[in-house]
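Student: A single structure is presented below for examination.
The values are calculated or read from the model by the stated rules, or taken from the named source; none is laboratory data. Quick caveat, the model's predicted, so the values are computed rather than measured. Note: ideal-geometry Cβ built from the backbone for every residue, glycine included; neighbour counts use all protein chains shown.
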Amino acid sequence: MTYREAVEYLDSFINYERMTDWEYPEAFKLDRMRSLVKELGNPQNAYESAIIAGSKGKGSTAAILSSILRMENWRVGLYTSPHLVDIRERIQVNGLPINEIRFAEHVLHLKEILDVPSWKKNPPTYFEILTAMAFAYFKEMKAQAVVLEVGLGGLFDSTNIAPSRVVGLTPISLEHTDKLGRTPAKIAVQKCGVIKGRELVVSGAQEPEVDDVIRRAAAEKDAELIRVGREIRIFEREFGENFQRFDARTPFGNYFNLEIGLLGVHQIENAACAIGLAKAFEKKCRMKVSDSAVRQGVLDARWPGRLEKIEDCPRVILDGAQNPASAKRLAAALKRHFSYERLVLVLGVSADKDLEGILTELLPECSCVIAAQAENPRALPARELAEAVRHRDSSREVMVCERAPEALEKAKSLACPGDLILVTGSLFLVGDVKKHAEAV
């Protein structure tokens, strides 16, 4: 099986990342996932793991934690979703994606397992197959520590079968309300499903109603809880267009003048959460995490598609903010780190997202909007998006460029030297633009 054939085979399975109309939690079958990994010898039990759930900052926190842990010369696996450009980004060991040969080998092995009548009657999903592949690959690569980003929710997510003794909960807000719940508290109940008992839980800064749910869940499961903003305190220092510095005071020790290349106050909060999780590994898994590993890991952490500058003239920024809370943080980060005359907004959102909420945060900041859509069936048509923008603010200049590459080129033709181009609203759109930019 070639790599291309492997990708095509995976694409033949149901993929909820490309759909909006499906039932939750009925579509998620953890018994099916457990059966699948049993066929592989339960590889998820071969290493220590941390699982990270939340609405915002899961991927960044996972990337920072992975970066810290590998500074101790451990073999560290990282599983995230979705990918931006290449599916292999989702499965990494020590910062390197799984190569095409191994990817195809693992898909072929799973194909041989699944090519029997019992599995054909109840086939796994795209995400379940990838998760099982990741578990098996991490075992094959003799990973000592693995960082898992939850795909959706937590309680019924495929990653949640891993016996993680370290749990991260990044900020929880309204998202997937048709599936996870109509209030942040109800959504938090689903996210807290990753707490199974006696773990060390590190929570990002949360709204009071969410914090209450997390505290109750930790107490009920006899889990120790450490919270950013309470037990972990942050003190901001200098910042610029490419960096920010901060201090972190934690129950595990104090860290002064840390530097991170990821931008926005929210990334400092994510880093503080990751530091707590790294020290939780030390406490729960007896894996030493030195102060120098924390410092260097935070400094070296990278996470594409989050306030990522891909061009300088004009400056082009990519950010995958896809809900109102993330858009609010994005707007604040732009003003904090960049000076510009006009903001040219390339916007594309998925049809199931809160477009009104996103527009509330971003429209006041921009001079014009280019409505685009990702090459994903979930994408809201660009013309519908443009109409929504015009309805909200008829004075705003709005253009339609349905394909992401055309939208980027249009934005660059409109931007003057002192302007800033922002591509946001969807990680799928950001991925399309990044793929185009890298191909040019």
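Student: List every residue pair whose Cβ atoms lie under 8 Å apart, where the two residues are 6 or more positions apart in sequence or sit on different chains, the first residue falls within the range 343-367 and is assigned by TED's automatic domain parsing to the domain that holds G418 and within 14 Å of E384 (Cβ to Cβ), and the second residue, located anywhere, is among the small types (G, A, S) and surrounded by fewer than 22 Cβ atoms within 10 Å (Cβ to Cβ).
Tutor: L355/A388; E356/A388; L359/A388
Student: Mind listing just one residue for me: the one in the range 179-197 that is more than 27 Å from R286 (Cβ to Cβ) and under 19 Å from the mean Cα position of the chain (by Cα) and, of those, surrounded by the most Cβ atoms within 10 Å (Cβ to Cβ)?
Tutor: The qualifying residue surrounded by the most Cβ atoms within 10 Å (Cβ to Cβ) is A188.
Student: Now a separate question. Restricting to helices (runs of 4 or more DSSP H) lying wholly in the range 148-246: which have 1 or more residues that are among the hydrophobic types (A, V, I, L, M, F, W, C) and modelled with pLDDT of 95 or more?
Tutor: By residue number, 184-191, 208-220.
Student: Moving on. For the range 92-115, name all the residues that are exposed (fewer than 15 other Cβ atoms within 10 Å of the Cβ), part of a loop (DSSP other than H, G, I, E, B) and either under 26 Å from the mean Cα position of the chain (by Cα) or β-branched (V, I, T) (or both).
Tutor: Scanning the range 92-115 gives G95, N99.
Student: Taking E89 as the residue in question, decide whether it is under 19 Å from the mean Cα position of the chain (by Cα), part of a helix (DSSP H, G or I), of a type outside the set (G, A, S) and under 20 Å from Y3 (Cβ atoms).
Tutor: In short, yes.
Student: Taking the conditions exactly as written (more than 16 Å from S158 (Cα to Cα), part of a strand (DSSP E or B) and either of a type in the set (D, E) or touching a residue at least 40 places away in the same chain (Cβ under 8 Å) (or both)), does G59 satisfy them or not?
Tutor: no
Student: Given the options L408, L363, L427, name the one that is under 27 Å from T183 (Cα atoms) and surrounded by 18 or more Cβ atoms within 10 Å (Cβ to Cβ).
Tutor: Answer to the selection: L427.
Student: Here's something else I'd like to know. For residues that are in a loop (DSSP other than H, G, I, E, B) and crowded, with 16+ Cβ neighbours inside 10 Å, tally how many sit in the range 68-86.
Tutor: Of the residues in the range 68-86, 10 are in a loop (DSSP other than H, G, I, E, B) and crowded, with 16+ Cβ neighbours inside 10 Å.
For every residue, the table says whether it meets (1) farther than 28 Å from S326 by Cα; (2) crowded, with 24+ Cβ neighbours inside 10 Å; (3) of a type in the set (K, R); (4) under 21 Å from the mean Cα position of the chain (by Cα).
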residue: K121; (1), (2), (3), (4): yes, no, yes, no
residue: M133; (1), (2), (3), (4): yes, yes, no, yes
residue: I172; (1), (2), (3), (4): no, yes, no, yes
residue: T177; (1), (2), (3), (4): no, no, no, yes
residue: S203; (1), (2), (3), (4): no, yes, no, yes
residue: E209; (1), (2), (3), (4): no, no, no, no
residue: R215; (1), (2), (3), (4): no, no, yes, no
residue: E220; (1), (2), (3), (4): yes, no, no, no
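Student: Would you check which residues across the range 286-306 are of a type in the set (G, A, S), under 9 Å from E72 (Cα atoms) and in a loop (DSSP other than H, G, I, E, B) and list them?
Tutor: S290
Student: Looking at (1) touching a residue at least 24 places away in the same chain (Cβ under 8 Å); (2) in a strand (DSSP E or B); (3) of a type in the set (S, T, N, Q), which is the one condition that is false for N254?
Tutor: (1)
Student: Specify the residue that is nearest to R286 (Cα to Cα); the eligible residues are those in the range 43-79 that are under 9 Å from the mean Cα position of the chain (by Cα) and polar (S, T, N, Q).
Tutor: Looking at the filtered set, the residue picked out is T61.
Student: Suppose we filter F103, F127 for residues that are out of contact with any Lys or Arg (no Cβ under 8 Å at 6 or more places or on another chain) and either not charged (D, E, K, R) or not assigned by TED's automatic domain parsing to the domain that holds E39 (or both); which single one remains?
Tutor: Criteria check complete, one pass: F127.
Student: Output the number of residues of the range 15-54 satisfying the condition of being over 20 Å from F103 (Cβ atoms), outside any helix (DSSP H, G or I) and at pLDDT 95 or above.
Tutor: Of the residues in the range 15-54, 8 are over 20 Å from F103 (Cβ atoms), outside any helix (DSSP H, G or I) and at pLDDT 95 or above.
Student: Which one of the conditions (1) surrounded by 17 or more Cβ atoms within 10 Å (Cβ to Cβ); (2) closer than 29 Å to Y255 by Cα does R302 fail to meet, given that it meets all the rest?
Tutor: Unmet for R302, out of (1) surrounded by 17 or more Cβ atoms within 10 Å (Cβ to Cβ); (2) closer than 29 Å to Y255 by Cα: (1).
Student: Conditions: (1) free of Cβ contacts under 8 Å to residues at least 24 places away in the same chain; (2) at negative phi. I161 meets all but one. Number of the miss?
Tutor: (1)
Student: Moving on. Return the residues of the range 390-405 that are part of a loop (DSSP other than H, G, I, E, B), in contact (Cβ under 8 Å) with a residue 12 or more places away in the chain and either surrounded by 19 or more Cβ atoms within 10 Å (Cβ to Cβ) or polar (S, T, N, Q) (or both); say none if nothing qualifies.
Tutor: C401
Student: If I ask for residues that are more than 15 Å from P124 (Cα to Cα), among the aromatic types (F, W, Y) and more than 24 Å from the chain's Cα centre (by Cα), which ones from the range 1-25 would you list?
Tutor: Y3
Student: Tell me the residue from E48, E72 that is in the same structural domain as N122 (by TED's automatic domain parsing), in contact (Cβ under 8 Å) with a residue 60 or more places away in the chain and farther than 20 Å from V150 by Cβ, please.
Tutor: Result of the check over E48, E72: E72.
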